[in-house]
1. Solvent-accessible area per residue for the chain at a 1.4 Å probe radius, Å²?
2. Once you keep just the Cα pairs under 8 angstrom separated by 6 or more residues, what percentage relative contact order results for the chain?
3. With the dipole of the chain worked out from charges on the C-beta (+1 for Lys and Arg, -1 for Asp and Glu) around the Cα centre, which of 134, 166, 187 lies farthest toward the positive end?
4. Quick check: at a probe of 1.4 Å, how many percent of the accessible area of the stretch 8-115 sits on carbon and sulfur atoms?
5. Compute for the stretch 89-133: radius of gyration divided by Kirkwood radius, i.e. Rg/Rh, restricted to C-alpha atoms, rounded to two decimals.
6. DSSP loop GluC sites (Glu not before Pro) in the stretch 1-84 with at most 14 other Cβ atoms within 10 Å of their Cβ, which ones?
7. Per-residue ellipticity at 222 nm for the chain, helices alone: DSSP H runs ≥ 4 residues times -39500 (n - 2.57), over residue total, nearest 500 deg cm²/dmol?
8. Can you sort 25, 9 by solvent-accessible area, 1.4 Å probe, largest first?
Amino acid sequence: MDVSPSILTCDFSALADELVFVEHTGADMVHLDVMDGVFVPNLSFGPPVIAAMRPHTEMFFDVHLMMQHPDRLVDAFAKAGADMINIHLECADPIRPTLEHIHSLGKKTAITLKPATPAEEAFPYLDMVDMVLVMTVEPGFGGQSFMADMMPKVTALRQEIVRRGLPVRLQVDGGINAATAPVAAAAGADIAVIGSALFNAESPADLVKAVHAL
């Protein structure tokens, strides 16, 4: 299982150092949560911060747009250095044209489902995306508890991906730690977004190794 550390938990006054920390854990990519204060009741950062981070690492930037209107800023995020641009199925922009826009910029695409959104709503877009993210908390804030009742959704998506023979990765985000990552992996997830549990771990590298072993 790959690891995508969420930098929401990090020290924003020392982002360059925090990126070095993430690299040294052995993680596979960096998860960047962009919140607009409308789609979710919180604000985080935008393209300028991602552009400032980009020269400090060659790690893959997994950019999760918790935005009501992501399409209007897709070009800016691509230019800032996003490698994958992930939009919510519940956003106000049309999904297929927005995914086509992301593809046209040479970026990988992903879609995210909030807890109340059924797995089946992602099925029409599986042939257009590189990854699907199942939220295992309500999006908007870090440090929440893992929602185990999202695991049937993960399994339903994995079964459909396998049935159609698609190369789609399946990511989980929210409350992922040493205890919950195995549960998500067993359900069919192959990428874990880890925030608080990684940055607060006694040995972050050992946690990453344990999740990789799944």
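The values are calculated or read from the model by the stated rules, or taken from the named source; none is laboratory data. This one's a predicted model, so the numbers in the text were calculated from it and none came from an experiment. Cβ sites come from the backbone with ideal geometry, for glycine too, and all protein chains shown count toward neighbours. What goes into the accessible areas is simple: the full protein's heavy atoms, side chains included, and nothing from ligands, DNA or RNA. Shrake-Rupley method; radii C 1.70, N 1.55, O 1.52, S 1.80 Å.
1. Solvent-accessible surface per residue comes out at 41 Å².
2. In percent, rounded to a whole number, it is 21.
3. 166
4. The C+S portion of the solvent-accessible surface of the stretch 8-115 is 54 percent.
5. Reported Rg/Rh (Cα atoms, Kirkwood Rh): 0.94.
6. Within the stretch 1-84, the qualifying GluC sites (Glu not before Pro) (loop, at most 14 other Cβ atoms within 10 Å) are 58.
7. -9000 deg cm²/dmol
8. Final ranking, largest accessible area leading: 9, 25.
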